[in-house]
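Just below is one structure, and these are the notes that go with it.
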Amino acid sequence: PAVAADAEEAQFNVVVSLYNAGQWEAALKKIGEREATDLSDAMRARYLYVKGLSHEKGSQLDQAAAAWGQLIAKYPAADDAAKARVAVIYLEYGRGKSAAVVAQCKDLNIDTLPKGERSNVALMYAEALLATNADVAATIAAYEKAKAYGADGNVVAQRLFILYMKQGARDKLLAVSANGVPGLDAAVVALARAEALLATGKPAEVLAETKKVADSHALYPRANYAAAQALIAAPGARADAA
């Protein structure tokens, strides 16, 4: 058995060499030949993973997803199963198939991934949840986890700001936007902060935020309304803000 295993390892190395040389079609042909033989489950799993890579290299993305999907379904305990799941996530995210990304991420323990990959996968999962209109609380949790893993802070801040608005999480909205939100209209951010501050009883800060909305902006009337409410709530707020 040891000799047979060594022989199959040599065959597998030929496949890998073909793939690394960019000869993906030759690699697929060789894989097909090996799959027609009596292989162990471990070797079948390994061949399926490289089969997916070879299809991907040849831009045969449906076939790549199918190969990796077969590996995940048939050999979930194989060493390459987790790598196949991550590969599917990258593939489907790139194709805009958010539901497929969500499905794969739900069965993946992101903590087990290499450090540099955790943030990418966590952010893709959060973005996919957002795109599929998933539960707001679950989507927020996914973005917060992506942030903890080191995902792009600007992207996460933008998404969290909008989600906190939807959720009505005023304290979190104020915290994430304390220094502005890169990529978002400053007037939109200022008005959202003003309305959150109004609800938490801070009229002077409301007036400070509404001043950031230019009179030419479409939100200017709404900003004035927030300012008026702040003055009604605390007439001395104008002097405090000044």
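Let me confirm something: among GLU195, GLU209, which residue is touching a Leu at 6+ places or on another chain (Cβ under 8 Å), closer than 30 Å to ASN133 by Cβ, at pLDDT 95 or above and not hydrophobic (A, V, I, L, M, F, W, C)?
Unique residue meeting the criteria: GLU209.
ARG238 is checked against (1) part of a helix (DSSP H, G or I); (2) at pLDDT 95 or above and fails just one. What number does that condition carry?
Of (1) part of a helix (DSSP H, G or I); (2) at pLDDT 95 or above, only one is false for ARG238: (2).
Restricting attention to the stretch 91-110, which residues are loosely packed, with under 14 Cβ neighbours inside 10 Å and closer than 21 Å to VAL155 by Cα?
GLY94, ARG95, GLY96, ALA99, listed by residue number.
Residues being open to solvent by 10 Å² or more (accessible area, probe 1.4 Å), outside any helix (DSSP H, G or I) and within 19 Å of ALA223 (Cα to Cα): count how many of those fall in the stretch 146-180.
3
Take the residues in the stretch 124-145 that are touching a Lys or Arg at 6+ places or on another chain (Cβ under 9 Å) and open to solvent by less than 40 Å² (accessible area, probe 1.4 Å), then tell me which one is farthest from ALA84 (Cα to Cα).
Within the stretch 124-145, the match that is farthest from ALA84 (Cα to Cα) is ILE140.
Checking the condition open to solvent by 50 Å² or more (accessible area, probe 1.4 Å), free of Cβ contacts under 8 Å to residues at least 60 places away in the same chain and not in a helix (DSSP H, G or I), which residue from ALA77, ALA10, ALA66, ALA42 passes?
ALA77
Could you look through the stretch 186-209, keep only residues that are outside any helix (DSSP H, G or I) and of a type outside the set (Val, Ile, Thr), and pick out the one that is surrounded by the fewest Cβ atoms within 10 Å (Cβ to Cβ)?
Here the answer is GLY201.
Report whether or not GLU25 is surrounded by 11 or more Cβ atoms within 10 Å (Cβ to Cβ), at pLDDT below 95 and either acidic (Asp, Glu) or assigned to a helix (DSSP H, G or I) (or both).
Answer is no for this residue.
Please tell me if VAL88 is surrounded by 14 or more Cβ atoms within 10 Å (Cβ to Cβ), touching a Phe, Trp or Tyr at 6+ places or on another chain (Cβ under 6 Å) and on the phi < 0 side of the Ramachandran plot.
It is true that VAL88 is surrounded by 14 or more Cβ atoms within 10 Å (Cβ to Cβ), touching a Phe, Trp or Tyr at 6+ places or on another chain (Cβ under 6 Å) and on the phi < 0 side of the Ramachandran plot.
Name the residue, out of ALA226, ALA218, that is over 21 Å from TYR125 (Cα atoms), assigned to a helix (DSSP H, G or I) and over 18 Å from the mean Cα position of the chain (by Cα).
Going through ALA226, ALA218 in turn, the sole match is ALA226.
Output yes when any residue across the stretch 145-163 is hydroxyl-bearing (Ser, Thr, Tyr) and more than 12 Å from the chain's Cα centre (by Cα), and no when none is.
For the stretch 145-163, residues hydroxyl-bearing (Ser, Thr, Tyr) and more than 12 Å from the chain's Cα centre (by Cα): absent.
How many residues, within the stretch 130-151, are touching a Ser or Thr at 6+ places or on another chain (Cβ under 8 Å) and under 22 Å from PRO182 (Cβ atoms)?
Residues in the stretch 130-151 being touching a Ser or Thr at 6+ places or on another chain (Cβ under 8 Å) and under 22 Å from PRO182 (Cβ atoms): 6 in total.
The values are calculated or read from the model by the stated rules, or taken from the named source; none is laboratory data. All values derive from a computational prediction rather than experimental measurement. Counting neighbours? That spans all protein chains shown, and the Cβs are built from the backbone with ideal geometry, glycine included. Only protein heavy atoms, including side chains, enter the accessible area calculation; ligands, DNA and RNA are left aside. Shrake-Rupley method; radii C 1.70, N 1.55, O 1.52, S 1.80 Å.
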